[in-house]
Amino acid sequence: MRIDIITILPELLEGPFSASILKRAQEKGLAEIHLHNLRDYSQHKQKSVDDYAFGGGAGMVMSIEPIDNCISFLKSQRNYDEVIYLTPDGETLNQGISNQLSLKENLILLCGHYKGVDERVRQHLITKEISIGDYVLSGGELAAAVLTDSIIRLIPGVLNDETSALSDSFQDHLLAPPVYTRPAEYKSWDVPEILRSGNLKAIETWRHEQSLERTKKRRPDLYEKYSK
Ligand code: 6GU
């Protein structure tokens, strides 16, 4: 899988992709992440990428030309499955969307800023719009990092223990059960006896019950989906 990210702040994204699982996925050749500085595609001598809004009002709008230039250049190199715009008014990200996107070959992510992009970008160049939740970020970069992480960890071979993505919270509409590690005795805060029993069948049953209980209590909306 290859992900091309178009941004005015590439330095904001370098950190998250150069450590841990995302770094290892790239080193193993399972994922390629390429950052593109939108300013490099501006024709202006000051490299500007935004302008005043037609009709007036506060706030700048990201211009169509550098965005179209960058996307056109990328599309001339290979075919893309989706061109995704990260925006608070997009479809809210969930595990199902990440699962679907993890099966794609090439993705473009466009990070929004200011008052957003010229609407013609959305009408003619974008195939999918994603938000990561109902709160406002200063730009789309952190959302692009979240989306990229959630997709890449699902690619087979990225996680050491391949079953571990399958046992994540949300993968089956349930929250994950509680986990414990040594020491078994700490102050008087005990580890449930069953987890130390060695009875694998009983442990599996206990974990499933805990998942159900947790989901019902903390996320009744998810529990509703699961029990349907
Ligand atoms: Cl994708 N962008 C911005 N700026 N804010 C957000 C978001 C995206 N998703 C949630 N809040």
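Read the figures in this text as sums done on the coordinates, not as results from a lab. All of these numbers come straight from a predicted model, not from anything done at the bench. Glycine also receives a Cβ, built like all others from the backbone with ideal geometry; neighbour counts cover every protein chain displayed.
Just check the range 167-227 against the gyration tensor rule for me: Cα atoms, a ≥ b ≥ c as the square roots of the eigenvalues, rounded for a/c under 1.5, and otherwise prolate or oblate depending on whether a/b exceeds b/c. Each step should come with its number before you reach the end.
Numbers: a/c = 2.72, a/b = 1.89, b/c = 1.44.
Taking the square roots of the gyration eigenvalues as a ≥ b ≥ c, the range 167-227 is prolate.
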- Item | Spin-label pair Met60/Ile155, simplified geometry with 7 Å Cα→Cβ offset, distance in nm | 3.3 nm
- Note on the structure: The answer for Glu129, listing residues at least 5 apart or on another chain whose modeled amide H is closer than 5 Å to its amide H, is Tyr85, Glu91
- Message: Please list 3J(HN,Hα) in residue order for the range 175-181, calculated via the Karplus relation 6.51 cos²θ - 1.76 cosθ + 1.60 where θ = phi - 60°; whole Hz, with x for glycine and proline.
- Response: 6, 5, x, x, 10, 9, 9
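Dipole of the chain, Cα-centred, from +1 at each Lys and Arg C-beta and -1 at each Asp and Glu C-beta, to the nearest 20 debye? Walk me through the numbers on the way to the answer.
On the way: 27 positive and 33 negative charges, 85 e Å.
Around 400 debye, computed over the chain.
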- Note on the structure: Out of Thr7, Ile84, Pro178 - ranked by how far each Cα lies towards the positive end of the dipole of the chain, with unit charges on the beta-carbon of charged residues - the top one is Pro178
- Rounded to whole Å, sorted largest first: equivalent-ellipsoid semi-axes of the range 126-178, Cα gyration tensor: 25, 15, 10
- Message: Give me a comma-separated list of calculated 3J(HN,Hα) values for the range 24-30, in order, Karplus coefficients 6.51, -1.76, 1.60 applied at θ = phi - 60°, integers in Hz, x for any Gly or Pro.
- Response: 5, 4, 6, 4, 6, x, 8
- In debye to the nearest 20, how big a dipole does the range 167-227 give about its Cα centre with +1 on each Lys and Arg Cβ and -1 on each Asp and Glu Cβ? 120 debye
- Message: Can you tell me the convex hull volume per residue for the range 133-216, based on C-alpha atoms, in Å³ to the nearest whole number?
- Response: 173 Å³
- Taking Cα atoms only, helix 200-218 is inclined relative to the longest principal axis of the chain by an angle, in degrees rounded to 10, of 50 degrees
- Query: What's log10 of I(q)/I(0) for the range 2-152 at q = 0.12, 0.15, 0.16, 0.19 Å⁻¹, Debye sum over Cα points only, no solvent?
  - Reply: -0.48, -0.76, -0.87, -1.23
- Once phi is turned into ³J(HN,Hα) by the Karplus curve 6.51 cos²θ - 1.76 cosθ + 1.60 with θ = phi - 60°, what whole-Hz value does each residue of the range 130-140 show in order, with x for glycine and proline? 10, 10, 9, x, 8, 7, 9, 9, 5, x, x
- Check cross-link reach from Lys225 to the aspartates and glutamates: straight Cα distance under 16 Å, and skip same-chain residues fewer than eight apart. Asp172, Glu213
- Taking amide H positions as placed in the peptide plane 1.01 Å from N, state which residues far from Met60 in sequence (5 or more) or on other chains have amide H under 5 Å from it. Lys115
- Task: Convert 25 °C to kelvin, take the viscosity as 0.890 mPa s, use the Kirkwood radius over C-alpha pairs of the range 40-126 as Rh, and evaluate the Stokes-Einstein diffusion coefficient in µm²/s, rounded to a whole number.
- Result: 170 µm²/s
- Residues whose placed amide H lies under 5 Å from that of Asp50, excluding near-sequence neighbours: Ser63
- Length-normalised contact order for the range 38-116 - Cα pairs under 8 Å, 6+ apart - percent: 33 percent
- Task: Determine which lysines satisfy two conditions relative to Lys128: a Cα distance under 24 Å, and not lying fewer than 8 residues away in the same chain.
- Result: Lys75, Lys104, Lys115
- Task: Would you mind computing, in nm to one decimal, how far apart the modelled labels at Asn69 and Asn94 are, each placed 7 Å from Cα along Cα→Cβ?
- Result: 4.0 nm
